[in-house]
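Asks: Next up is a structure, given as structure tokens.
Here, each number is a calculation from the coordinates, and none is a lab measurement. Model, not experiment: these values are computed from the prediction. Heads up, the Cβs are rebuilt from the backbone with ideal geometry, glycines too, and the neighbour counts pull from every protein chain shown.
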Amino acid sequence: MLEKKLPVFGKMKKQYLFFSFLICVGFIQAQGSYKLAVLKYNGGGDYYANPTSLPNLISYCNQTFGTTISKDVPYVEAGSKDVFTYPMIHMTGHGNVVFSKAEAENLRLYMQSGGFLHIDDNYGMDQYIRTEIKKIFPDKDLIELPPDHPIFHQKFEFNGLPKIHEHDGKPAQAFAILDKGRILCLYTHETDLGDGWEDQSVHNDTAEKRQQALKMGANVIMFVFMQ
């Protein structure tokens, strides 16, 4: 059913997303607020990990930039037309991820229409998510972003992606799916930004690490609406 509905919905999505993005551009909004969401997926992975992450990042952005992003962060299913409601969707987890053909097509249409998907490996997702990203974009490869990429130089200056949690001790890396220079999907690996966004009591991260994570997250959100 979803595959049959997508072409019909596709006639509406560009106008809707364009209107949503006009509201968000410049981090100035005269009335109301807009929402970000967390992606719900199948495969057994814990899509619900880090429940305080995105609300905390939103609070940080609202305080830092004067934005009016809603603190209500819903879960949205990968195959739902509701994904088109959100200018940015966050995805995390530790384990398996599986997208059906219809879900992959829905997410591809979402990103090609102007939506932005941020995938943050919460440790253990990497071996699964790379295969699923390939389902969404079979003709595109993940490209590692260099330290001088604008996403690291928004409100806050970074020399590449900060390392928040050690995990395997590998360097933090930021990968992207690009289309004509625009980032459609950002995949952050070996950093665990989401853990750094969580309440301090959850992981006992230092104030410095939490600030690094929040500032990099704020850069991502700022970049989404400015690219």
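Asks: Amide H of A172: which non-local residues (sequence gap of 5 or more, or other chain) have their own amide H closer than 5 Å, using H built in the peptide plane?
Replies: Under 5 Å from the amide H of A172 lies no amide H from a residue far enough along the sequence or on another chain.
Asks: Still on this structure: Which one, V83, V97, V202, has the greatest fluctuation when you compute a Gaussian network model over the chain with C-alpha springs under 10 angstrom?
Replies: V202
Asks: Tell me the label-point distance for the pair I143, F65, using the 7 Å Cα-to-Cβ offset, in nm and rounded to one decimal.
Replies: Placing both labels 7 Å along Cα→Cβ, they lie 2.3 nm apart.
Asks: Can I ask one more? Helix by helix through the chain, keep the DSSP H runs that span 30 Å or more along the axis on Cα and average at least -1.0 on Kyte-Doolittle, and give those back in order. Don't skip to the answer; put the middle values down first.
Replies: Details: long enough: 2-24 (31 Å, 0.39).
Span-like helices, by this rule, are 2-24.
Asks: For the range 135-227, which semi-axes, largest first and in whole Å, follow from the square roots of 5 times the eigenvalues of its Cα gyration tensor?
Replies: Values: eigenvalues 113, 47, 27 Å².
Value: 24, 15, 12 Å, ordered largest first.
Asks: Something else about it: Please check the chain for the longest run free of trypsin sites (Lys or Arg not before Pro) that are loop-located per DSSP (anything but H, G, I, E, B) and have at most 14 other Cβ atoms within 10 Å.
Replies: Working: sites that count: K71, K155, K180.
The segment 72-154 is the longest one with no such site.
Asks: Find how many whole Å separate the alpha carbon centroid of the range 93-168 from the alpha carbon centroid of the range 172-227.
Replies: Their Cα centres are 11 Å away from one another.
Asks: Below 8 Å between Cα atoms, with a sequence gap of 6+, how large is the relative contact order for the range 2-226 in percent? Working shown, then result.
Replies: Details: 420 pairs, mean separation 47.9, N = 225.
The value is 21 percent.
Asks: Something else: If you add up the charges near F65, with Lys and Arg at +1 and Asp and Glu at -1, over every other residue whose beta carbon is less than 15 angstrom from its beta carbon, what do you get?
Replies: Working: positive: K71, K155, K215; negative: none.
Local net charge: +3.
Asks: Please tell me which of these pairs span more than 24 angstrom C-alpha to C-alpha: K35/K163; K35/K155; K71/K155; K135/K163; K40/K134; K81/K134? Working shown, then result.
Replies: Values: K35/K163 27 Å; K35/K155 21 Å; K71/K155 21 Å; K135/K163 28 Å; K40/K134 18 Å; K81/K134 21 Å.
Checking Cα-Cα distances, K35/K163; K135/K163 exceed 24 Å.
Asks: What percent do you get for the relative contact order of the range 103-227 when only Cα pairs under 8 Å and 6+ apart count? Before the final figure, lay out each step's value.
Replies: Working: 184 pairs, mean separation 35.9, N = 125.
Once normalised by length, the contact order is 29 percent.
Asks: If you don't mind, there's one more thing I want to ask. Quick one: dipole size for the chain, taken about the Cα centre, charges +1 on Lys/Arg Cβ and -1 on Asp/Glu Cβ, in debye to the nearest 20. Write down the numbers at each step before the final one.
Replies: Details: 23 positive and 26 negative charges, 223 e Å.
Computed about the Cα centre, the dipole is about 1080 debye.
Asks: Say we join alpha carbon atoms closer than 10 Å with springs in a Gaussian network model of the chain; which of A172, A102, A207 then has the biggest fluctuation?
Replies: The residue that fluctuates most here is A207.
Asks: Tell me the net charge near Q212. Cut-off is 10 Å between Cβ atoms, Q212 excluded, with +1 for each Lys or Arg and -1 for each Asp or Glu. Present the calculation step by step, with values, prior to reporting the outcome.
Replies: Values: positive: K163, K209, R210, K215; negative: D205, E208.
Net of charged neighbours comes to +2.
Asks: Taking K and R as +1 and D and E as -1, what net charge do the other residues with C-beta under 10 Å from the C-beta of S80 add up to?
Replies: Net local charge, S80 excluded: -1.
Asks: When you take every Cα atom in the range 72-116, what is the radius of gyration, and what is Dmax, the widest Cα pair distance, in Å?
Replies: Using the Cα atoms of the range 72-116, the pair Rg, Dmax is 10.6, 29 Å.
Asks: Whose amide H sits under 5 Å from the amide H of K40, counting only residues 5 or more places off or on another chain, with H placed in the peptide plane?
Replies: V76, E77, A78
Asks: I would also like to ask the following. How big is the range 2-226 on each of its three principal axes, counting only the C-alpha atoms and giving the largest first in Å?
Replies: 49, 43, 32
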